[in-house]
Every structure is written in structure tokens, then in C-alpha cells.
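Asker: I'd like to ask some things about the structure below.
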Amino acid sequence: MRIERSILIQRPPADVFALISDPMAYDEFFVGVSRWEPRSRKRRGVGARFRVLMKVGAIEAGGVLRVTEWDEPDRIAWGSESGVEYRGAWTVREAVSGTELRYEIAYSLPGPFGWLAELLTGRIIDRNARATLLAARRILEHERPARPAAKRSPAWGRQGVNS
């Protein structure tokens, strides 16, 4: 099963990447994730490992994931090392009026009726993906102050004026 959703956020890409690249902030906006615990000293970047559980209906499923791609400020991807077989990614793209944040997840459930379980869980995971993106937008647009614009030095753009 593969799910892809995106949302437009009225903040610069750097601000959006700052939120999604902080796994310790996931409990603020990552809907359906009931546990996101570090399993390595490294907390950011390729090779960082986490124990992740997602609540899907009445059950929690997941395992250990490893960050496989870290392309700041554009993309973070991960894949499972144990537990449920899945992979996912955040993609950040500059848009005309803000930033597009895309969330992708693909997973496979084992067994002869895995396909049926994927159909049943897919609706919940899709709903959680939409709610996650909305929560990220709420945090970035309404709860976290925008970073101040870089200040120009007084001499910026005046080279050679008094030379």
C-alpha cells in the first residue's frame, strides 16, 4: 500500500524543514504515531535509528526504522530495519506562495490476508497522513513565530561609494 499526501504551508522551506527534521517534535504533529524513540546516538541524518509505533485502530504496529536519506533542506527518507516492512519520506519544495510539504509512506503487511489488512489500515493511515500535514501547517503558520529576515549590513550594496 502506498499513500502520498501534500499541503501548502505559508512559511519558507527552511522553517518547514526545521520542523520535520526534529524527531523530538513529532509528538506535536505526527498523528497516529504513538512512539518515536531514539535507538542510536545519532538523532538526525543518515543512519539515525528510531523505534516507531503507529496506532492503527485498536492496535499498535511498527518496528525499528533507519534514516536512509537526508538532503537538507529538501528531503528526509527512512525505511524499516525490523517489524512492519515500510518506508517513508518527507519532501519539501518551494512553491509560489509558500512551501509544499509532501508525506509519503509505503508499507506491506505479510500473510495470506495481508492485502486485506492493507485495505483496512490504508484508510486510517491516509486519514492520519492528512491530519499530520494539517497539524504541521497549524504549528508553522499559527503557533511558531516566523524567523526574522536576515538583516543587511549598512554597507550592503554600497561598495565603492566612498572609495
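Asker: By what distance, in whole Å, do the Cα atoms of region 38-93 stretch along each of the three principal axes, largest value first?
Answerer: The Cα atoms of region 38-93 stretch 36, 27, 15 Å along the principal axes, largest first.
Asker: Counting alpha carbon pairs within less than 8 Å and at least 6 residues apart, what relative contact order, in whole percent, applies to region 52-109?
Answerer: 23 percent
Asker: Could I ask something else about it? What's the extension gain from Val64 to Leu134 if we count 0.36 nm per residue and subtract their Cα-Cα distance?
Answerer: Here the answer is 22.6 nm.
Asker: Sequence-distant or interchain residues sharing an amide H contact under 5 Å with Arg11, placed H: which?
Answerer: It is Thr99, by chain and number.
Asker: Show me, for region 58-68, the HN-Hα J-couplings you get by feeding each phi into the Karplus relation (A = 6.51, B = -1.76, C = 1.60, θ = phi - 60°), rounded to Hz, glycine and proline as x.
Answerer: Per residue, the Karplus-derived 3J(HN,Hα) values read 8, 10, 10, 9, x, x, 9, 10, 10, 6, 10 Hz.
Asker: Residue farthest toward the positive end of the dipole of region 1-155, with Cβ of Lys/Arg at +1 and Asp/Glu at -1: which of Tyr26, Tyr86, Ala61?
Answerer: Tyr26
Asker: Over region 4-141, with every protein chain in place, what whole percent of the accessible area is carbon and sulfur at 1.4 Å, could you tell me?
Answerer: On the way: 3680 of 7020 Å².
Exposed carbon and sulfur together represent 52 percent of the surface.
Asker: So, one more: Taking Rg/Rh (Cα atoms, Kirkwood Rh) straight from the coordinates, which label in [x] 1.10; [y] 0.93; [z] 0.97 is the correct one?
Answerer: Recomputing Rg/Rh (Cα atoms, Kirkwood Rh) here gives the entry labelled [x].
Asker: Just to confirm, what accessible area per residue do you get for the chain at 1.4 Å probe, in whole Å²?
Answerer: 60 Å²
Asker: Continuing with this model, one more query. How would region 1-65 be classified by its alpha-carbon gyration tensor: rounded, prolate or oblate, with rounded meaning a/c under 1.5 and the a/b versus b/c comparison settling the rest?
Answerer: oblate
The values are calculated or read from the model by the stated rules, or taken from the named source; none is laboratory data. Not measured: the values here are computed from a predicted model. Virtual Cβ from ideal backbone geometry, glycine too; neighbours counted across all protein chains shown. Areas reflect the complete protein model, heavy atoms only, side chains present, ligands, DNA and RNA absent. Shrake-Rupley method; radii C 1.70, N 1.55, O 1.52, S 1.80 Å.
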